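What follows is calculated from the coordinates using simple rules that are stated; it is not laboratory data. Since the structure is predicted, the reported quantities are computational estimates derived from the model, not experimental observations. Cβ: placed from backbone, ideal geometry, glycine included. Neighbour counts: every protein chain shown.
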Amino acid sequence: MRFRRVNRSVRHGFTLVEMVVALVLLGVLSALAVHRFGSLDAESKALDAAVTELGGRERLEWNREKLSGEGWLDDAAVFSHVDTDLGADYAWIVGPTAEGGELRFRHKTAALTRVHSTATKAGQWKR
């Protein structure tokens with residue numbers, strides 16, 4: 001009986017070490033991608049929170065004007081009392097004006113518009 005010699009130099013497929021290295025590389029790349037896009041989402045949410053905060057401040061000043069002895073005079077009187085300083089992480093690139101402005105949080109910038117207040121409704125900030 002003759003035995004055939006098996007040629008071990010011919011490889012089919014990947015070794016276990018190669019598979020582990022590939023999985024580790026994929027894990028590192030996916031972790032970097034999640035961190036990168038997750039921080040952008042957090043910055044967007046921070047800008048949304050800033051718009052909500054500006055809206056709350058606007059409504060507060062509008063109510064103060066309405067309850068004052070003179071009552072609501074005009075939009076300029078309300079806007080001049082709104083505190084638009086949102087803290088050290090936020091910077092106004094353009095404005096703020098009675099029409100809006102451009103606000104930056106870290107690396108993300110958003111254009112904001114402001115709807116003027118009336119005698120029956122407080123002004124609103126929108127993104």
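Scan around residue 112 for amide H atoms under 5 Å from its own, H built in the peptide plane at 1.01 Å from N, and keep only partners 5 or more places away or cross-chain.
101, 102, 103
Relative to the first principal axis of the alpha-carbon coordinates of the chain, what is the inclination of helix 16-67, with its axis defined by its Cα atoms, in degrees from 0 to 90 and to the nearest 10?
Taking the Cα atoms of the chain, the angle to 16-67 is about 10 degrees.
Straight distance only, please: which aspartates and glutamates reach the Cα of residue 66 with their own Cα at less than 19 Å, same-chain residues fewer than 8 apart left out?
Once the sequence-local aspartates and glutamates are set aside, what remains near residue 66 is 58, 74, 75, 83.
Using a basic spin-label model with each label point 7 Å from the Cα along Cα→Cβ, how many nm lie between residue 21 and residue 98?
Result for the modelled spin labels: 6.8 nm.
In a Gaussian network model over the chain where Cα atoms closer than 10 Å are linked, find which of 22, 110, 42 has the largest mean-square fluctuation.
So, out of 22, 110, 42, the one fluctuating most is 22.
Given +1 on the Cβ of Lys and Arg, -1 on the Cβ of Asp and Glu, and no further charges, what dipole in debye does the chain carry about its Cα centre, rounded to the nearest 20? Please report the intermediate quantities before stating the final value.
On the way: 18 positive and 16 negative charges, 375 e Å.
Charge dipole, the chain, about its Cα centre: 1800 debye, nearest 20.
Using a Gaussian network model on the chain with a 10 Å cutoff between Cα atoms, which of 71, 100, 27 fluctuates the most?
27
Looking only at 94, 24, 115, which one moves most when the chain is put into a Gaussian network model with springs between Cα atoms under 10 Å?
In this elastic network of the chain, the residue with the biggest mean-square fluctuation among 94, 24, 115 is 24.
Would you please classify the overall shape of the chain from the alpha carbon gyration tensor, given that a ≥ b ≥ c denote the square roots of the eigenvalues, rounded means a/c under 1.5, and beyond that prolate means a/b larger than b/c while oblate covers the rest?
On the way: a/c = 6.43, a/b = 5.55, b/c = 1.16.
Prolate shape, in that a/c is at least 1.5 and a/b is the bigger ratio.
For residue 119 and residue 42 in one chain, what is 0.36 nm times their gap in residues minus the Cα-Cα distance, to one decimal in nm?
Answer, rounded to one decimal: 24.1 nm.
Farthest toward the dipole's positive end in the range 16-126, which of 19, 68, 34, given Cβ charges of +1 (Lys, Arg) and -1 (Asp, Glu) about the Cα centre?
Projecting each Cα onto the dipole axis, the largest value belongs to 19.
Return the FRET efficiency for the residue pair residue 74, residue 126: r is the Cβ-Cβ distance, R0 is 22 Å, and the value is rounded to the nearest 0.05.
That pair, residue 74 with residue 126, gives E of 0.60.
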